[in-house]
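Asks: Could you have a look at this structure, given as structure tokens, before my questions?
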Amino acid sequence: MSPEPLQTLYWEDDSLFLLDQRLLPGEIRYLQCCTVADVVTAIKEMVVRGAPAIGISAAFGVVLAAKAAGTAGSGLSGLQEAITALRSARPTAVNLDWALRRMERRLEHAAGGTCEEVVDALAEEAQAILDEDILTNRKIGAHGAALIPDGASILTHCNAGALATAGYGTALGVIRAAVAQGKQLHIYVDETRPLLQGARLTALELLREEIPATLVTDSCAGYLISAGKVSLVIVGADRIAANGDTANKIGTYTLAVLAQRHEIPFYIAAPCSTIDLSLEDGRGIVIEERDPAEVTMFNGQKIAPAGIDALNPAFDVTPAELISAIITERGLLQRPDRAGLKNLLTKGER
Ligand code: MRU
């Protein structure tokens, strides 16, 4: 029997516990966040990462801020400052903003109550966001599995698995659902430089569940696809603009171009909370620039000569026309475009 998927985060004893993903796969250790500042730092330093997981963490960060305000007797006036700090912890994934907006709406509704009542209401909302995320991912999996042929060999990038969410995952959720249907799959896992989310996290998830997988360097993708070894590419998303342009881990765009060149499907799996209709197209998506030391250092060792300039954008944007379908909890959107996305968000479940 394969082990239970690793639990990314949970709320216990008035604290948020985050699986410290920086230590994986070597060590399973949870970091206890007791203050909103702990949560902001954990998101920035990627103790927790992945669009849905950072949104859920931020929601619990609001609970911690409200609790602290209640204890200090300072009322809830300082809460907006905490929410702003959480919102700016990482700029690209819209799920962070989405979860915080939800918490703000709940705060507004609970506003007349005592501090304790407000904290309870916020804790309930954060837990609901967490619980709903797992259900959402299972629906994404069920819809997406229909696109996966038996015998497929699939290339994925970064980690859009249980570790990037409250559980089950988006892109890996589709893979899990297809495997659960009895399909025989083989997964190629891009290592995902510079932080190796593929090698450290996706490989771990697949190995634990005994889903056949092979780890490759990022630069291997063209070779593999051109050799006919990949039937389709599936990845997650951090923000999808109104026209379908999609931001995801740096290197995703390269895979989409390769997929088009070699006429294989390129799929995005993401919850509707990743869709940002306020942005006309991908040009409006803010791309996080991380410390160049993540590129010039590896495991604490310098791997580039001192003085070399290095650039470290964490995401890129894949234009909608390269995306075969976006898989959401509300169904599949083939050849995504402005009208299709709007329709998806305004209509109920399909
Ligand atoms: O920098 P990260 O590790 O947070 O980047 C994560 C990704 O790019 C994922 O593909 C994306 O957040 C989707 S997770 C379901």
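Asks: How far apart, in nanometres, would the label points at Cys220 and Ile287 be if each is projected 7 angstrom from Cα along the Cα-to-Cβ direction?
Replies: Taking the two extended label points, one gets 2.6 nm.
Asks: Let me ask another. For the range 9-137, what does the relative contact order come out to in percent, with C-alpha contacts under 8 Å and a separation of six or more? Don't skip to the answer; put the middle values down first.
Replies: Details: 166 pairs, mean separation 30.0, N = 129.
Averaging sequence separation for qualifying contacts and normalising by length gives 23 percent for the range 9-137.
Asks: Ok, one more. Arranged by the count of other C-beta atoms within 10 angstrom, fewest first, what order do Phe266, Phe315 take? Could you put the intermediate results ahead of the total?
Replies: On the way: Phe266 21, Phe315 26.
Ranking Phe266, Phe315 by Cβ neighbours within 10 Å, fewest first, gives Phe266, Phe315.
Asks: Which three extents, in angstrom, do the Cα atoms of the range 144-347 have along their principal axes, listed largest first?
Replies: Principal axes ranked by extent give 54, 40, 35 Å for the Cα atoms.
Asks: At 10 °C and 1.306 mPa s, what whole-number value in µm²/s does Stokes-Einstein give for the translational diffusion of the range 71-154, with Rh from the Kirkwood sum over Cα pairs?
Replies: Numbers: Rh = 15.5 Å.
Here the translational diffusion coefficient equals 103 µm²/s.
Asks: At a Cα cut-off below 17 Å, give the aspartates and glutamates reachable from Lys183, other chains included and same-chain residues fewer than 8 away excluded.
Replies: Output for Lys183: Asp150, Glu209, Glu210.
Asks: List Thr192, Thr274 from most exposed to least, where exposure is judged by having the fewest other Cβ atoms within 10 Å.
Replies: Going from least to most buried by this count: Thr192, Thr274.
Asks: Something else now. Expressed as a rounded percentage, what relative contact order does the chain have, with Cα pairs under 8 Å and six or more residues apart? Spell out each step's value before the answer.
Replies: Values: 721 pairs, mean separation 55.1, N = 350.
So the answer I get is 16 percent.
Asks: For Lys139, which aspartates and glutamates qualify as cross-link partners when the Cα separation must be under 17 Å and same-chain residues fewer than eight apart are set aside?
Replies: Asp131, Glu329, Glu349
Asks: Give the angle, between 0 and 90 degrees and rounded to the nearest 10, that separates the Cα long axis of helix 171-180 from the longest principal axis of the Cα atoms of the chain.
Replies: 70 degrees
Asks: Any chance you could get the radius of gyration and Dmax over the Cα atoms of the range 9-137, in Å?
Replies: For the range 9-137, the Cα-based Rg and Dmax read 13.8, 47 Å.
Asks: Right, something else. Rounded, prolate or oblate: which fits the range 191-269, taking a ≥ b ≥ c as square roots of the Cα gyration tensor eigenvalues, rounded meaning a/c under 1.5, else prolate when a/b beats b/c?
Replies: Details: a/c = 1.69, a/b = 1.20, b/c = 1.41.
Oblate shape, in that a/c is at least 1.5 and b/c is the bigger or equal ratio.
Asks: Could you list, bin by bin from short to long, the percent of Cα-Cα pairs of the chain in 20 Å steps?
Replies: Cα pair-distance distribution for the chain, in percent: 31, 58, 10, 0.
Asks: Another one. Taking Cα atoms, how many degrees apart are the long axis of helix 115-145 and the longest axis of the chain, rounded to 10 and kept between 0 and 90?
Replies: Roughly 10 degrees, rounded to the nearest 10.
Asks: Here is a follow-up. Would you please calculate the Kirkwood hydrodynamic radius of the range 293-350 over all C-alpha pairs and express it in Å, rounded to one decimal? Walk me through the numbers on the way to the answer.
Replies: Details: mean 1/r = 0.0667 Å⁻¹.
Taking the inverse mean of 1/r over all distinct Cα pairs, the range 293-350 comes out at 15.0 Å.
Asks: Still on this structure, please answer the following. Treating cross-link reach as a plain straight distance, find the lysines whose alpha-carbon is under 20 Å from the alpha-carbon of Lys44, omitting any fewer than eight places away in the same chain.
Replies: Counting by Cα, and skipping residues close in sequence, Lys44 has these lysines nearby: Lys249.
Asks: Separate question: Can you give the angle from 0 to 90° between the axis of helix 51-72 and the longest principal axis of the chain, with both taken from C-alpha atoms, to the nearest 10?
Replies: So the inclination is approximately 10 degrees.
Taken together, the values in this text are just the output of simple stated rules run on the coordinates, not laboratory data. In this text the structure is predicted, and so the values were computed from the model without any measurement. Positions of Cβ are backbone-derived with ideal geometry, glycine not excepted, and every protein chain shown enters the neighbour counts.
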